[in-house]
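Here's the structure we're looking at; comments come further down.
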Amino acid sequence: MFGFGIIAQDPASAARAGTFQTPHGTMLTPVFAPVGTQATVKTLTPRDLKEVGASLVLANTYHLYLRPGTALIADFGGLHSFMGWAGPILTDSGGFQVFSLAQMRKLDAGGVTFRSHVDGSAHRFTPESAVTAQEELGADIIMCLDECADPLDRAYNEEALARTHAWAARCKEAQRRSDQALFGIVQGGVFPDLRMDSARVLRALDFPGYAIGGLSVGETKAEMYSILEVTVPELPSDKPRYLMGVGAPEDVVEGVSRGVDIFDCVLPTRVARNGAVFSRAGRLNLRNAQYIRDPLPLEPGCDCYGCQHFSRAYMHHLFRAGEVLGLHLATLHNVRFMVRLMGEIRAHIEAGTFSRFSSEFLAAYRVPNQEVRHAHHAARRRGETVVLKPGGRRG
Ligand SMILES: [Zn+2]
């Protein structure tokens, strides 16, 4: 039912191209999954997703558990049928949102008790209930319940890691359905020894795939990349590797070169709704006055519906006027941009030219938020409070 195969390996980096077979179709890796937090990728229909070539979609267990309820979704035949998406789906365990969104969180060895951010009602997630909820949702790839600690706090990471490992074993034990691939999640903050230890512990549990969690939550990009460099070699090479919540174009290219196969991130869809679209030169902010009379498409050469039919001037107008079509077209373009990027990455891995592609891409792509992340990081080091947006880079 599941099968992961490597088709090509880049000679100059850890990048690889493969295929991942699931009960709802085979996807080509490396793959980027757009995020459908509430069982919908905001502003896009499943028809749009199919048209732009998305193969894997992520949905958030925490949100769907609270509303409309995972049992209700099971009554409608599971997530695939409820949201009308016939392709592969991945759900997270809900743990990340409990730690970033829920209120009055209380943690013990058995699980985590919290209040809903929607209506304040009390709930409890255990490794067993997180698996049950995901079995009700019925995604193809499901995740172990884990604890996402502040990446820079060593003592907290040691404590959290012990729980995460115990919970991973319990999740595996609790799994009843054989048509879902349960992935273990490596944690350990920015500490190489903890990350390597976590990878070894989880590897011994023999999961069909491994996720790397707790990154892109406040550490620098350099720290994130170096953590990948120590973690990935500890994971089995014949199983898919999933970098959770990371999906800025430059991070995808850097992640692939370090051996990552699967990415997800709200970034492409979230920034689109703020009027920012991806291009090979970096992000364009459509609200800027420079686009008032710009006759070019969002990105010349892009084959998405928006780029084929509209000018930047029209897109600028839609955002200025607050028209919903702008949100849709910008989202469509950014998802298409990610899908095309993954396709190019894959073609270059197969051709043995990925390293040259990677340096050319990174040289051309202006990164807008690196300064912001460095400022956050520095503030943390100084012990100041850093307010990350709820949900950070993920749903
Ligand atoms: Zn486009």
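Here are a few things to note about the model shown:
- Length-normalised contact order for the chain - Cα pairs under 8 Å, 6+ apart - percent: 18
- Per-residue ³J(HN,Hα) for the range 167-184, Karplus 6.51 cos²θ - 1.76 cosθ + 1.60, θ = phi - 60°, Hz, x for Gly and Pro: 5, 4, 5, 5, 4, 4, 4, 7, 5, 10, 7, 9, 9, 10, 8, 8, 9, x
- For the range 59-65, putting each phi into the Karplus relation 6.51 cos²θ - 1.76 cosθ + 1.60 with θ = phi - 60° gives couplings of 10, 9, 4, 4, 5, 6, 5 Hz, in residue order, rounded to whole numbers and with x for Gly and Pro.
- A 1.4 Å probe run over the protein chains yields, for the chain, 39 Å² of accessible area per residue, whole-number rounding.
- Principal-axis analysis of the Cα atoms of the chain puts helix 324-351 at an angle of about 80° to the longest axis.
- Working ranking of peptides 36-45, 330-339 by packing, defined as the average number of other Cβ atoms within 10 Å per residue, highest first, is 330-339, 36-45.
- Summing charges over all other residues whose Cβ lies under 14 Å from the Cβ of GLY184, with Lys and Arg as +1 and Asp and Glu as -1, gives +1.
- Annotation: the range 256-374 has a Kirkwood hydrodynamic radius of 15.2 angstrom, from the mean reciprocal C-alpha pair distance.
- Residue-count net charge about GLU158 - beta-carbon cut-off 14 Å; Lys, Arg +1, Asp, Glu -1: -3
- Long-range amide H partners of GLY111 with built H, under 5 Å: none
- Stokes-Einstein diffusion coefficient of the chain, Kirkwood radius over Cα pairs, 20 °C, 1.002 mPa s, in µm²/s: 101
- Phi angles across the range 121-126 convert, under the Karplus curve 6.51 cos²θ - 1.76 cosθ + 1.60 with θ = phi - 60°, into 3J(HN,Hα) values of 5, 8, 9, 9, 10, 10 Hz, Gly and Pro given as x.
- The distance linking the range 137-173 with the range 95-113 is 12 Å (Cα centroid to Cα centroid, whole angstrom).
- With all protein chains in place and a 1.4 Å probe, the accessible surface of the range 230-377 carries 52 percent carbon and sulfur.
- Equivalent ellipsoid of the range 313-358: semi-axes from √(5λ) of the C-alpha gyration tensor, largest first, are 34, 9, 5 Å.
- Residues whose amide H lies under 5 Å from that of LYS42, counting only those 5 or more places away or on a different chain, are THR37; hydrogens are built 1.01 Å from N in the peptide plane.
- Only one residue of ILE6, LEU296, PHE278 has its Cα farthest out toward the positive end of the dipole of the chain, where Lys and Arg carry +1 and Asp and Glu -1 on Cβ, and that residue is LEU296.
- Electrostatic tally near GLY138: other residues with Cβ closer than 9 Å to its Cβ, Lys and Arg +1, Asp and Glu -1, net -3.
- Restricting attention to the chain, the count of lysine pairs at 8 or more positions apart or across chains with alpha carbons under 30 Å apart stands at 10.
- Placed amide H near SER279: partners under 5 Å, 5+ positions off or other chain: LEU284
- The range 177-291: relative contact order as a whole-number percent, Cα under 8 Å and 6+ apart: 20
- Of the residues PRO127, GLY209, ALA313, the one whose Cα sits farthest toward the positive end of the charge dipole of the chain, with +1 on the Cβ of Lys and Arg and -1 on the Cβ of Asp and Glu, is ALA313.
- Acute angle (nearest 10 degrees) that the helix 370-381 long axis makes with the longest principal axis of the chain, alpha-carbon atoms: 30
- Lys, Arg +1 and Asp, Glu -1 on Cβ, resulting dipole of the range 48-114 about Cα centre, debye, nearest 20: 200
- Helix 312-321 axis versus longest C-alpha principal axis of the chain: approximately 60°, rounded to the nearest ten.
The values are calculated or read from the model by the stated rules, or taken from the named source; none is laboratory data. On a predicted model such as this, the values are computed, not experimentally measured, just so you know. As a convention, Cβ positions derive from the backbone with ideal geometry for all residues, glycine included, and neighbour counts pool all protein chains shown. When the accessible area is computed, the model is the full protein with side chains, heavy atoms only, and any ligands, DNA or RNA have been set aside. Shrake-Rupley method; radii C 1.70, N 1.55, O 1.52, S 1.80 Å.
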